[in-house]
Amino acid sequence: MRELLDYRSEFPILGHTTYLINHSLAAMPRGAEDRLREYACMWAERGIRAWGEGWWTMPMTVGDQVGRIVGAPAGTTVMHQNVAVAEAVVLSCFRPADAARNRIVYERGNFPSVRYLYQAQPDLEVVVCEDDREIVDAIDERTLLVPISHVLFKTGEIQDVEPIVRRADEVGAHVILDCYQSAGIVPLDVTALGVDFAVGGSVKWLCGGPGNGWLYVRPDLAETLEPTSTGWQAHEAPFSFEEEMRYASGAARFLTGTPNVPAHYAATAGYDLIEEVGSDRIRANSLRQTQLLIDLADEAGFEVRSPRSTERRGGTVTVHVPEFPAVHRELAERQILCDFRPDAGIRLGPHFFTSDDELRFAIDQIGDIVETGAYERHLGAVAQH
């Protein structure tokens, strides 16, 4: 078994940066370039034949690889461009909404793209809750969908999903679990959780790059629901070019149009590494390193705005310091790549290939920037932004 730090050679950007932004855009695996070259060669040498030699089925075959990582059976997970598209496809199964069941319930910390989708529907009533406990109380017989985040993007807090799923089942509502900030860093089994749908992407901990959203549909629902946001790849026989829709069986009916083939090629390099290292091993290292970050932040006198409990802590530690947007700019100039979120602070996201020394260095540099006032030269630019 390879040591975790042996994987550093798989990620070129680690050679010249301190890369702590894997919660936003994970470092690119070296193998992604090889996969994209394979795609280009396939296009150049096989041309139209490439569709029948693997391209057409990639949303399903690559989806199955994601499924293995998140505990989904084969044939239940398909690829989309992003989470907004995936959730829109799910929502389309229930439109127009029944006036007696038209409530959408989610947490205030939900990712904006998801919130915008539901807010834009004029016939839906959106109920925004403060936390996961309040969500359970808000779900009732009027609730249609509960589109929640497994891990909140600002704070890295893990939501308590099981009570939400139980309550939704009791009243006939459907849970859509957004696993963008958990898949690849927090072990996840969508089958055991019993969620109706799960969505996510690959930009973050899965190291799969952009253009690779995914959608899991519970097997029994996949055989009965009929999305109205659809396309020819969702047809039972797409190349017969029938004039009327005839839905494919299983999760394939939740596809839309022509797939994003180059993105799917690029993604598999990261998925391979996540499968090789293993979710449990990644999680154990993440818990150790996020605790180290918390301890270092405490020693430096910084406020930590992420959960301290291991049961509630995802892969990100959010550190609040004065003028943190300007501090973030100075960190970037020092080749320490992280990010920040309003009303939260600087987000630090180590992954399995991150060294402990990098974490110590990052916290030391934040301390130096705050103590010396090096951030002050960025205040004007931050204010304009």
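Read-outs throughout are calculated quantities, based only on the coordinates presented, and are distinct from any laboratory measurement. Since this is a predicted model, take the numbers as computed values, not measurements. We place every Cβ from the backbone using ideal geometry, glycine too, and count neighbours over all the protein chains shown.
Under 18 Å from a label point set 7 Å out along the Cα-to-Cβ vector of Ala300, the amide N atoms of region 345-371 belong to 345-351, 354-371. The longest part of the chain holding none of the exposed loop trypsin sites (Lys or Arg not before Pro), meaning those outside H, G, I, E and B in DSSP with at most 13 other Cβ atoms within 10 Å, is 109-245.
Counting only helical runs of four or more DSSP H residues, what would the 222 nm mean residue ellipticity of the chain come to if each run contributes -39,500 (n - 2.57) and the total is spread over all its residues?
On the way: 13 runs with 146 residues, N = 385.
Rounded to the nearest 500, it is -11500 deg cm²/dmol.
The simple spin-label model puts a point 7 Å past each Cα toward its Cβ; for Tyr116 and Arg30 those points are separated by 3.8 nm.
Output the antiparallel fraction of DSSP beta bridges having both residues in the chain, as a percent to the nearest 5. So the antiparallel bridges amount to about 55 percent of the total. Taking the Cα of Arg360, stepping 7 Å toward and past its beta carbon, and measuring to each backbone N in region 258-295: which are under 15 Å? Counting only backbone N, you get 289, 292-295.
Compared with the alpha-carbon gap, the fully stretched path from Glu130 to Glu242 is longer by 35.5 nm at 0.36 nm per residue.
By the count of neighbouring beta-carbon atoms within 10 Å, fewest first, Tyr180, Tyr247, Tyr265 end up ordered Tyr247, Tyr265, Tyr180.
FRET efficiency for the pair Leu292 and Leu221, taken as 1/(1 + (r/R0)^6) with r the Cβ-Cβ distance and R0 = 35 Å, rounds to 0.25.
Placing dummy labels 7 Å off each Cα toward the beta-carbon, the span from Arg308 to Asp6 is 3.7 nm. Along the chain, counting only GluC sites (Glu not before Pro) with a DSSP assignment other than H, G, I, E or B and at most 16 other Cβ atoms inside a 10 Å radius, the longest segment between sites is 4-129. Between Asp169 and His16, residue separation times 0.36 nm minus the direct Cα-Cα distance comes to 50.1 nm.
Summary of the geometry: region 169-205 and region 240-300, compared by the centres of their Cα atoms, lie 11 Å apart.
The alpha carbon centroids of region 45-86 and region 306-378 are separated by 35 Å. Our coupling estimate for region 202-209, obtained by passing each phi through the Karplus curve with A = 6.51, B = -1.76, C = 1.60 and θ = phi - 60°, is 10, 5, 9, 4, 6, 6, x, x Hz, Gly and Pro reported as x.
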